[in-house]
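Taken together, the values in this text are just the output of simple stated rules run on the coordinates, not laboratory data. In this text, all values refer to a predicted model and were calculated from it rather than measured experimentally. Please note: Cβ atoms are built from the backbone with ideal geometry, for glycine as well, and neighbour counts cover all protein chains shown.
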Amino acid sequence: MKTSLVLINPWIYDFAAYDLWSKPLGLLYIGAYLRDCGFDIHLIDCLNVHHPMMPGTTSQRQPKRGLYGTGKFWRNKVPKPLLLKDIPRPYSRYGISPEAFTAELNIAGRPGAFLVTSLMTYWHLGVKEVIRLVRQNYPDVPVILGGIYARLCQDHAVTSSGADYVIADNNALLSLLDNIGLSAPNPIPKATPYPAFDLLSRIDYICILTSRGCPYRCSYCASHFLEPAYSRRDPLEVVEEILFWHRHYGVKDFAFYDDALLVQSDTHAAKLFEEIAKQALGIRFHTPNALHVREISPGIAILMHRSGFNTIRLGFETADFSLHHDLDNKVQTGDFEMAVNNLLNAGFARKDIGAYLLAGLPGQSVDSVVKTIDFVRRVGVMPYLAEYSPIPHTALWDKAVESSRYDLTGEPLFHNNTLIPCWDDSQKKEFPKLKQLVLEARMGVTAC
C-alpha cells in the first residue's frame, strides 16, 4: 500500500482577498513530483470555491465569479487580531468552512505526513489554524511547512506555526521525508512533471510558469531571495504543456506566473507566442504578475495579440523617475508610452491594458502618486493601485522598518498592505482620494 501525503493550501485571514488567478502553483508542482515518486497524494484546498460541501450549514453566500475564472472566495467574518483592532475594516476568513476542512481530513484518512504551504507573510494565521486542526485530529502525524512565508519569516514560522518542520528549500523535502521514515517508493523522476491541477475539484484556469527568478533586482521584490538563479524552460515544452491542459481538460484561460516573461524574448517568449499563434486554439492569456514595459516591442506586441493575450498588466510602479533609480531602474523616460502605443497598434483595447502603480512606499509622497495616476490617465490606460507591502530580505526592508510605526521585524501581520504601514497618518488620510482618482481615471478609459 502506498504511503499517503496530504497537501494543504491554507485559509486566508485578511481584510480583503480576491481570486485573481490565484492557485498554489508551488504546492501543485510538489504534489505532482511526489506522486511520480510513488506517494499517494491528497489535496485539501481551503480556497476551493467549488467545494462540494459548501455552503453546508453555514450562512455564507455563494461567491460571485467574474471573467476568465477569477472572482470572490467563500468569506466568513471573524474577530480581528488584537494587534489589528484599530484598523476600521472587517476581518475575514476566506475559504471553505472549518467543518468542510475537518470532513476533508476524515476523507483523506491518516497520512504519513501533512505538507502545508504558505504565501503572504501576513496570512500566517490561516497557516496556524489549519495546523491546529490537523493536530487536533492527528496529533502524532508530522506536519511540514513550506512556502513563501516559511522562507521569508523562517524564525517566526518555527516558533509560531505549530509545524514540526519548517523547510526553506524544496530540494530538501525528499531528504526530510526519508529521515522521518517516508522514503520515496519510486526512483526520483528526471523530468519535472506538470503541476497537479488535476487534484483540484474543478479547473477554471491554469497557471503557467515558463521561467524562474528574475534578472532584475527591484528593491521592493523578494524574487532574487526566493529564486536566486534565473532559469527558463524550453519554450516548445511550455507549448506542449498548454496544449495538454487545453486538449485533455478543455482549459481556455492561462495565467503566466513569471516575474520576467518577456526578458530576452527573441530566444524565449517570441518562440512561445509564435507557436501558440500557429495553433489558433482560441485560448486566452493573462498576466497578473505584470510585464516589463521596456520589453514590449512592436513585434512582441503583435505576437501577444495573435496568440490570444487578453489581460495585460504592466509594471510601471511610478512616474517619479527619481524614485525609479532607487526602486528598480527598469523603466526609463518614454518606455511606458512606447509600450502602450505598441500594444494599441497591435490591436489591444485600452480597457484591457492596466498599469500597476505602487503606493505607500517609504519616502514616497502622496503628490507623487497623484501625478503618477494622472500620467497613466493621460496615456489612456487603466491604473491599478498596488499598496506596498514590506517584505523581509528585500533591499527596501531596512528603510521600511525605519519608516514604520509598526513592529515589522517581530510580527508579520504588520506587513499587511491594508495598513499602509510605511506612511504616516496624514498620508493615510489621503488614500481614499487616491482610490477615487484611480476610479475616475478608469471610468475615463472605459468611456473612450
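Structure data summary
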| quantity | calculated |
| --- | --- |
| Shape of the range 41-109, Cα gyration tensor, a/c cut at 1.5 | oblate |
| Separation of alpha-carbon centers, the range 434-448 and the range 15-63, rounded to whole Å | 34 Å |
| Helical mean residue ellipticity (222 nm; -39500 (n - 2.57) per DSSP H run of 4+; nearest 500) of the chain | -10000 deg cm²/dmol |
| Gyration tensor verdict on the range 271-393 (Cα atoms; rounded if a/c is under 1.5, prolate if a/b is larger than b/c, oblate otherwise) | prolate |
| Isolated Cys residues of the chain, judged by Cβ distance under 4.7 Å to other cysteines | Cys37, Cys46, Cys153, Cys207, Cys214, Cys422, Cys448 |
| For Met1, Met53, order by how many other beta-carbon atoms lie within 10 Å, fewest first | Met1, Met53 |
| Pairwise centroid distance, computed over Cα atoms, of the range 254-287 with the range 336-357, Å | 17 Å |
| Extension reserve of the Arg306-Lys80 stretch, reckoned as 0.36 nm per residue once the Cα distance is removed | 76.6 nm |
| Radius ratio Rg over Rh of the range 205-447, counting only Cα atoms, Kirkwood formula for Rh | 0.98 |
| Kirkwood Rh (inverse of mean 1/r, distinct Cα pairs), the range 135-282, angstrom | 18.3 Å |
| Where the Cα pairs of the chain fall when distances are cut into 10 Å bins, in % | 4, 19, 30, 29, 15, 3, 0 |
| Highest to lowest packing among 114-124, 335-345, 438-448, scored as the average C-beta count within 10 Å | 114-124, 335-345, 438-448 |
| Fewest-first sequence of Lys77, Lys371 by Cβ atoms within 10 Å of each Cβ | Lys77, Lys371 |
| Rounded to 5, percent antiparallel among DSSP beta bridges of the chain | 25 percent |
| FRET efficiency, Ile87 to Glu240 (Cβ-Cβ, R0 41 Å, nearest 0.05) | 0.30 |
| Fraction of the pair-distance distribution of the range 4-179 above 21 Å, Cα-Cα pairs, percent | 49 percent |
| Pair Ala349, Asp164: separation of 7 Å Cα→Cβ label points (nm) | 5.4 nm |
| Nearest-0.05 FRET efficiency for Leu133 and Glu337, computed from C-beta distance (R0 35 Å) | 0.10 |
| Neighbour-count order for Val379, Val127, fewest beta carbons within 10 angstrom listed first | Val379, Val127 |
| Separation of the Lys64 and His50 label points, Cα + 7 Å toward Cβ, nm | 2.2 nm |
| Cβ-Cβ FRET estimate between Phe225 and Leu281, R0 fixed at 51 Å, reported to 0.05 | 0.90 |
| Span from the the range 405-419 Cα centroid across to the the range 139-198 one, whole angstrom | 26 Å |
| Net charge of Cβ neighbours under 13 Å - reference Tyr406; Lys, Arg +1; Asp, Glu -1 | -4 |
| Potential lengthening between Ser297 and Gln436 on full extension [0.36 nm per residue; Cα-Cα distance subtracted] | 46.8 nm |
| Kyte-Doolittle mean at least 1.0, axial Cα span of 30 Å or more - DSSP H helices of the chain | none |
